[in-house]
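Each value in this text was obtained by applying a stated rule to the coordinates, not by laboratory testing. Bear in mind the structure is a predicted one, so any value in this text is a computation, not a measurement. FYI the Cβ positions are ideal-geometry reconstructions off the backbone, even for glycines, and counts take in every protein chain you see.
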Ligand code: CA
């Protein structure tokens, strides 16, 4: 009873009012995490593993004379159960042989976490900070009245690596602001070739089958287009140069979007491999976000013949093409590769949507919304055939990429809080263990849930009023006297709580949440007016 009382107190006091600063409380007895600095997410110490990883990286550098390249593939809205390596693939009529091969020849991460929608995840990956801290909690749209550019003062992994001698490049979807000062090439990427928005934000202006009320009504369409949102495939450089490559004005053009992105990454890898700089590439697919239009070459390419599934086959093929280019240009052994999705499947657009074995979907903090496939591959550096259920938050890619690039995380400005954890040793040491003890699931500005080990406690839950309508017809409600506590080992679908009396871990919950809350008192979140 005492625990649940203090919990409700915590939610109201710490997360809504955020009053006085206080000392960061010690973690609970059941937490293995240790505070290394007041502005860093506590992590589980793995000293021997860390030493082994450092030796391995030093040997790599001695052997190759360079820091490793980093290529991160983010597939938009791909479900946990979409890749064959995660239980989908051929079983759901869309074989993914290339992703499967990377998983089989690398490390398959079964407990990888994103944020609950596109923008927050991407912001978290690039800044290593929870979106609630940066204010990058949703797309910044044309017409939004923001008081502060949330990017101002933020350090991106792309910018930090660029300063350390990398060529940093975003190819594909951005979705974290399209105004000057918020574009990828304004916030650290040396080069940008891609799109500012999600697929349907383009196609809704010219797809009469899906949006007839807008597309076939000239007055409405003109008013909609007067908002002035960018409809182009854009090329931009860090010096400010920004050009339109192509204006997307038909579903046929959108269908070929990812093919153009694939071609660009392939071309640039060939060129960059001739140079002397290591590269950091975020290849962020437009697919498989609704609405899906397969490239000509992939129409009907999946066994299922549905556009979403065809697009899974297409995305998988492009991953294969880019990996093959790395191999052909002699860079495969020099390149750390990560494959993931930015959130769970968007079930609201079913059947134009992916598959998750878990409860919930995109837009929620149920496992179905935030648990995503994670594959780490590095030929010769990550032992093949490994599988781990260790916790990995996609924000950890910030710290891990910096460590791979030789950037000292402890030397970053200490005026802000970093939520990512350096997972280099987890990923590159054979049999490595995760250094992450907690995953916090925020729903906009509200903390909705937390996972620690195999336990997950919900303070707020999203309840769909119709099956699949987790965004468009759902309510978010606080849980009752006790948080909803699930044991994800015995109940991965979060169907039946273990109850507040059932597990000693419940007693630690208050202390863990209090420690997290205290970081916000000490490092107040940015209010951008969004
Ligand atoms: Ca997404």
Ignoring everything except DSSP H segments at least 4 long, calculate the 222 nm mean residue ellipticity for the chain; use -39,500 (n - 2.57) per segment, divide by total residues, nearest 500.
-8500 deg cm²/dmol
Quick one: which of 160-173, 491-504 comes out on top by average Cβ neighbours within 10 Å, and what's the full order, highest first?
160-173, 491-504
Could you work out the relative contact order of the chain? I mean the mean sequence separation of Cα pairs under 8 Å and 6+ apart, divided by the number of residues, in percent.
27
Can you grab the distance from the C-alpha centre of the stretch 185-201 to the C-alpha centre of the stretch 405-433, Å, no decimals?
26
Test of understanding: ordering 227, 176 by Cβ neighbours within 10 Å, fewest first, what list do you get?
227, 176
Per-residue counts of other Cβ atoms within 10 Å, averaged by peptide: what ranking do you get for 338-346, 258-266, highest first?
338-346, 258-266
Shape verdict for the chain, please, from the Cα gyration tensor: rounded (a/c under 1.5), prolate (a/b greater than b/c) or oblate.
rounded
Based on DSSP, what percent of beta bridges with both residues in the chain are antiparallel, to the nearest 5?
55
Please state the shape class of the stretch 35-185: rounded when a/c is under 1.5, otherwise prolate if a/b exceeds b/c and oblate if not, all from the C-alpha gyration tensor.
oblate
In terms of the alpha carbon gyration tensor, root eigenvalues a ≥ b ≥ c, rounded if a/c is under 1.5 and otherwise prolate when a/b exceeds b/c or oblate, the stretch 212-261 is oblate
Quickly rank 277-283, 54-60 as a protection proxy: mean count of other C-beta atoms within 10 Å, highest first.
277-283, 54-60
Relative contact order of the stretch 154-218, please, whole-number percent, based on alpha carbon pairs below 8 angstrom and at least 6 residues apart.
28
For the stretch 471-530 and the stretch 213-258, what is the separation of their Cα centres, given in Å?
40
